[in-house]
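One structure is given below, encoded as structure tokens.
The values are calculated or read from the model by the stated rules, or taken from the named source; none is laboratory data. Everything numeric in this text was worked out from a predicted model, so none of it was measured. Positions of Cβ are backbone-derived with ideal geometry, glycine not excepted, and every protein chain shown enters the neighbour counts. When the accessible area is computed, the model is the full protein with side chains, heavy atoms only, and any ligands, DNA or RNA have been set aside. Shrake-Rupley method; radii C 1.70, N 1.55, O 1.52, S 1.80 Å.
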Amino acid sequence: VGDQQGALVGQGCLAPGEVKSTFGTGAFLVLNTGQQIMRSSARLLATIAYQLHGRPTYALEGSILSAGSTLQWLRDGLRVIRDGAHAGELAQSVEDTAGVYLVPAFTGLGAPHWDADARGALLGLTRGTQIAHIARAALEATAFQTGELLAAMAADGARPAVLRVDGGMA
């Protein structure tokens, strides 16, 4: 059993339409599609979720390559946060990102883009930009990518019914 398939079962997503999202270094959204293998036109992965009594159950999977590792970069690379909780505190201290956007393509982009050559970008910086805006942009980047995966699943005709979330970032 692969990590994400094991997490799907471990989080109790045993019925079609149930989806789990696990956040760690990367993030992975996996949707149980039941007895039907769903070929993705949105560039998601079709996979066997698990097999019970000789009958396979299938899933759609989308991968975000940098989630918790984005916070690790803020902590270890830039040294602007203490940990993930500190990033959350900073993010809550500002109303929005003030136009700052982070594309955390440090090792490329996962689904649905699958671009190994993509690189990260930090955009919208002004003299008024604070570390709190960058921390918020980093957290929002993972949320935006998760939303993009849900939209890709919907474009494939999959309708998530229940979302279960697990994991902690940095």
Exercise for the section: Please list Asp3, Asp166 in order of solvent-accessible area, largest first, computed with a 1.4 Å probe with all protein chains present. Expected result: Asp3, Asp166
Handout entry: Coordinate range along principal axes, alpha carbons of the range 23-117, Å, largest first
Key = 51, 28, 25
Exercise for the section: Determine by what factor the alpha-carbon radius of gyration of the range 110-166 differs from 2.2 N^0.38 Å, reporting the quotient. Expected result: 1.46
Completion exercise
Checked against the positive end of the charge dipole of the range 1-112 (+1 on Cβ of Lys and Arg, -1 on Cβ of Asp and Glu, about the Cα centre), the farthest of Gln35, Ala111, Tyr101 is Gln35
Practice task
Report the residue, chosen from Ala155, Ala111, Ala87, that carries the largest GNM mean-square fluctuation when the chain is represented by alpha-carbon nodes joined by springs under 10 Å.
Solution key: Ala155
Practice task
With θ set to phi - 60°, apply the Karplus curve 6.51 cos²θ - 1.76 cosθ + 1.60 along the range 47-54 and write out the HN-Hα couplings as whole Hz, x wherever there is a Gly or Pro.
Solution key: 9, 7, 7, 6, 10, 9, 6, x
Handout entry: Choice from Leu123, Leu31, Leu60 showing the highest fluctuation, given a GNM over the chain with Cα pairs closer than 10 Å
Key = Leu123
Problem - the range 43-83, relative contact order in percent, only Cα pairs under 8 angstrom and at least six apart counted - result: 26
Handout entry: For the chain, built as a Gaussian network whose Cα springs stay under 10 Å, the top-fluctuating residue of Ala121, Ala105, Ala42
Key = Ala121
Exercise for the section: Just add up the charged neighbours of Arg136: K/R +1, D/E -1, any other residue whose Cβ is under 11 Å from the Cβ of Arg136. Expected result: -4
Completion exercise
Residue-normalised 222 nm signal for the chain, counting each DSSP H run of n ≥ 4 as -39,500 (n - 2.57), nearest 500 deg cm²/dmol, is -8500 deg cm²/dmol
Problem - Solvent-accessible area per residue for the chain (1.4 angstrom probe, square angstrom) - result: 51
Fill in the blank from the handout: Note on the chain: helices (DSSP H) long enough, at least 18 Å by alpha carbon along their axis, and hydrophobic enough, mean Kyte-Doolittle at least -0.5, are 131-155
Problem - Inter-label distance for Arg159 and Phe106, nm, one decimal - labels placed 7 Å from Cα along Cα-to-Cβ - result: 3.9
Handout entry: Heavy-atom accessible surface of the range 81-170: percent carbon and sulfur, 1.4 Å
Key = 54
Practice task
Go through the range 98-170 and name the trypsin sites (Lys or Arg not before Pro) that are in a DSSP coil and have 12 or fewer other Cβ atoms within 10 Å of their Cβ.
Solution key: Arg119, Arg127
Handout entry: Relative contact order, percent, the range 14-100 [alpha-carbon distance under 8 Å, six or more residues apart]
Key = 24
Practice task
Within the range 60-99, list the trypsin sites (Lys or Arg not before Pro) lying in a DSSP loop whose Cβ has at most 16 other Cβ atoms in a 10 Å radius.
Solution key: Arg79, Arg82
Exercise for the section: Order the following by accessible area, largest value first: His53, His86, His113. Probe radius 1.4 Å; ligands, DNA and RNA are ignored. Expected result: His53, His113, His86
Handout entry: Cut-off under 5 Å, modelled amide H: who pairs with Ala49 long-range
Key = Thr57, Tyr58, Ala59
Fill in the blank from the handout: Here, Glu89 and Ala46, labelled 7 Å along Cα→Cβ, have an inter-label distance in nm of 4.9
Completion exercise
Dimensionless Rg/Rh of the chain, both radii on Cα and Rh by Kirkwood, sits at 1.02
